[in-house]
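Values quoted throughout were computed directly from the atomic coordinates according to the rules given, and no laboratory measurement underlies them. Because the structure is predicted, anything quoted here is derived from the model rather than measured. Note that we place each Cβ from the backbone using ideal geometry, even for glycine, and neighbour counts take in every protein chain shown.
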Amino acid sequence: MPLDSMDEDVQAAAARLVRRIKEGGHSITVAESCTGGLLASAFTDIAGASSWFNQAWITYSNDAKIKELDVRAESIEKKGAVSAEVAIQMAQGALKNANADIAISITGIAGPKNDGTNKKVGLVYVGIASNNWANAESTQIGGNRAENKIGFVHFALLSTIKRWDEAMVQAEEHRKEMERIRAEQESEKLQFELDRAKREADARESAPWQDDAWDGEGAPPGSDSSLDNEAEWD
């Protein structure tokens, strides 16, 4: 695919993601390695970016990832800089440092060489993090260095859109579930009050003293009025 067409795809995907961000009044940040700022550029090409995009990081070296984004050195040593674990930590570090609502990270091997690793040129990991969740996506792209870098950015945008939509569906399902639980609790509370009122009414009706109730007229209950009639008074 020609680079200009790939650029158009990137611009379109960036616009789609930004619409979602703006709808909720959210903010976004990015942490890039191999793409060298292309993702940040795709966002800042959109007018009004300052209202939802504040800052970003290009952490090209491992030391920069550790220092600027709090990536754990042992993660790089064990998994390598191009890994799901590091991608997630990059995104989480950017999210925290930028105080944003969502963060995207990109770490991959653009080529033409793999810098002595056993991972193939064109491999990329994208980290996506919010305050409630974080995950990583991976793909393998076959192209030259320039094509791979743009392809990585496009993949990052599409992956984020997909994860965002999934999160929104989950959030809506959670909201509905909470409403259902609250409705059930209110119904149970009302039924408890009705049952208690019925028990109290039944108790009043069946209480022994109800048989001796006196309205204040006539002879009091339990009295023998014949005693007055039979009594003789001097």
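Only counting other Cβ atoms within 10 Å, I'd like ARG163, ARG20 sorted with the fewest neighbours first. Mind showing how you got there, number by number?
Values: ARG163 20, ARG20 16.
Ranked by crowding around the Cβ, least crowded first: ARG20, ARG163.
Taking a ≥ b ≥ c as the square roots of the Cα gyration tensor eigenvalues, with a/c under 1.5 meaning rounded and otherwise prolate when a/b beats b/c, else oblate, which class fits the stretch 3-163? Could the numbers behind the result be given before it?
Values: a/c = 1.89, a/b = 1.20, b/c = 1.58.
The shape class here is oblate.
Highest mean first, how do 95-108, 64-77, 115-128 rank when packing is the count of other Cβ atoms within 10 Å averaged over residues?
On the way: 95-108: 23.7, 64-77: 16.5, 115-128: 18.9.
Descending packing order for the listed peptides: 95-108, 115-128, 64-77.
HN-Hα J couplings of the stretch 45-56 from phi, Karplus 6.51/-1.76/1.60, θ = phi - 60°, integer Hz, Gly and Pro as x?
These are the phi-based 3J(HN,Hα) values: 6, 8, 4, x, 4, 5, 7, 9, 10, 10, 7, 8 Hz.
Specify the inter-centroid distance of the stretch 96-158 and the stretch 22-52, based on alpha-carbon positions, in whole Å.
15
Can you give me the long-range amide H partners of VAL30? Hydrogens built in the peptide plane at 1.01 Å from N, cutoff under 5 Å, separation of 5 or more residues or another chain.
It is TRP57, ILE104, by chain and number.
Among LEU17, LEU39, LEU158, LEU190, rank each residue by its count of other Cβ atoms within 10 Å, from fewest to most, as a rough exposure measure. Working shown, then result.
Values: LEU17 22, LEU39 27, LEU158 18, LEU190 10.
Listing LEU17, LEU39, LEU158, LEU190 from fewest to most nearby Cβ atoms yields LEU190, LEU158, LEU17, LEU39.
Show me, for the stretch 84-95, the HN-Hα J-couplings you get by feeding each phi into the Karplus relation (A = 6.51, B = -1.76, C = 1.60, θ = phi - 60°), rounded to Hz, glycine and proline as x.
My calculation for the stretch 84-95 gives 5, 4, 5, 4, 5, 5, 4, 5, 5, x, 5, 4 Hz in order.
If we count other beta carbons within 10 Å of each Cβ, what is the order of TRP57, TRP164, fewest first?
Placing the least packed residue first, the sequence is TRP164, TRP57.
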